[in-house]
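The values are calculated or read from the model by the stated rules, or taken from the named source; none is laboratory data. Everything numeric in this text was worked out from a predicted model, so none of it was measured. The area values use the complete protein model at the heavy-atom level, side chains included, leaving out ligands, DNA and RNA. Shrake-Rupley method; radii C 1.70, N 1.55, O 1.52, S 1.80 Å.
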Amino acid sequence: EDQRNLMVIEDLLRMPRRVCRTVLHHPVILTYIQNRWKNTRWTFLVSFLLYLLFVILYSSFLGMMYWRHQEQVERIPVKFPSDCRREIEVAAPPRSKSSDGDVSLRSGFSDK
């Protein structure tokens, strides 16, 4: 593809809006745009249809992943206790004053 074709489009986009409208309605520019559209129409339509197919397939994939029929859900019965008492806290074992400074005595690895 010729780089000059792209330069024409870039120049048109840089123009102020009022000037751009008058230039775009000129017969030579209209003919240029129509010829370019004839050449790129099928590429645009194919890419649009592929994108649309992707969006539809991806949306259906996400829908199937998060939406399930009630018959397909496997339920596991869980038995809850009849009373919900708070658990009893277990007190920490008493410390001996001799083992406060020595780690080996507190961990139980000492010979004493």
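For Leu30, state whether it is of a type in the set (A, V, I, L, M, F, W, C) and modelled with pLDDT of 90 or more. It is false that Leu30 is of a type in the set (A, V, I, L, M, F, W, C) and modelled with pLDDT of 90 or more. Go through the stretch 45-73 and report how many residues are assigned to a helix (DSSP H, G or I) and either at pLDDT 95 or above or open to solvent by less than 100 Å² (accessible area, probe 1.4 Å) (or both). Number of matching residues: 19.
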